[in-house]
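Trainee: Right, I'll just put the structure down here and ask away after.
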């Protein structure tokens, strides 16, 4: 299993990038130097729960969002989670009606892809 500080660091980095923030900006928001944020993202820092709470607040995410898929061993998971993070951030800027419409489109596209796989 991946070390928790490595996992947390990778997730913080992924979410930070998806939100278009630099390490310096995130550091300013949580009152930590950019180099410390870099150490967290590399899994080199053993952070306190207080620091974790500040990071979650600055990134506007819940603990459950941060730890999503922690136990999953899928090798492609990192890329999938990064994509889902970017999509989630974009969807959060939309109305509920727009999100529901996009959800419908995605479900139909996935069904079509599955149908095409069955034809081959």
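Trainee: Within the range 54-71, work out how many residues are touching a helix residue (DSSP H, G or I) at 6+ places or on another chain (Cβ under 9 Å) and either crowded, with 18+ Cβ neighbours inside 10 Å or not in a loop (DSSP other than H, G, I, E, B) (or both).
Mentor: Looking only at that region, the number is 10.
Trainee: In addition: Answer yes if at least one residue in the range 82-95 is more than 20 Å from residue 20 (Cα to Cα), in contact with a helix residue (DSSP H, G or I) (Cβ under 8 Å, 6 or more places away or on another chain) and assigned to a loop (DSSP other than H, G, I, E, B), and no otherwise.
Mentor: Quick first cut of the range 82-95, residues more than 20 Å from residue 20 (Cα to Cα) only: 95.
Filter again for in contact with a helix residue (DSSP H, G or I) (Cβ under 8 Å, 6 or more places away or on another chain), leaving none.
Looking for residues that are more than 20 Å from residue 20 (Cα to Cα), in contact with a helix residue (DSSP H, G or I) (Cβ under 8 Å, 6 or more places away or on another chain) and assigned to a loop (DSSP other than H, G, I, E, B), one finds none in the range 82-95, hence no.
Trainee: Do we have residue 51 as more than 11 Å from the chain's Cα centre (by Cα), farther than 24 Å from residue 92 by Cα and at pLDDT 95 or above here?
Mentor: So residue 51 fits the description; yes.
Trainee: Which residues, taken from the range 9-53, are in a loop (DSSP other than H, G, I, E, B) and touching a residue at least 40 places away in the same chain (Cβ under 8 Å)?
Mentor: Scanning the range 9-53 gives 19, 43, 45, 46, 47.
The values are calculated or read from the model by the stated rules, or taken from the named source; none is laboratory data. Treat the numbers as computed from the prediction; the structure is a model and nothing was measured. Here Cβ is always computed from backbone atoms with ideal geometry, including for glycine, and neighbour counts include all displayed protein chains.
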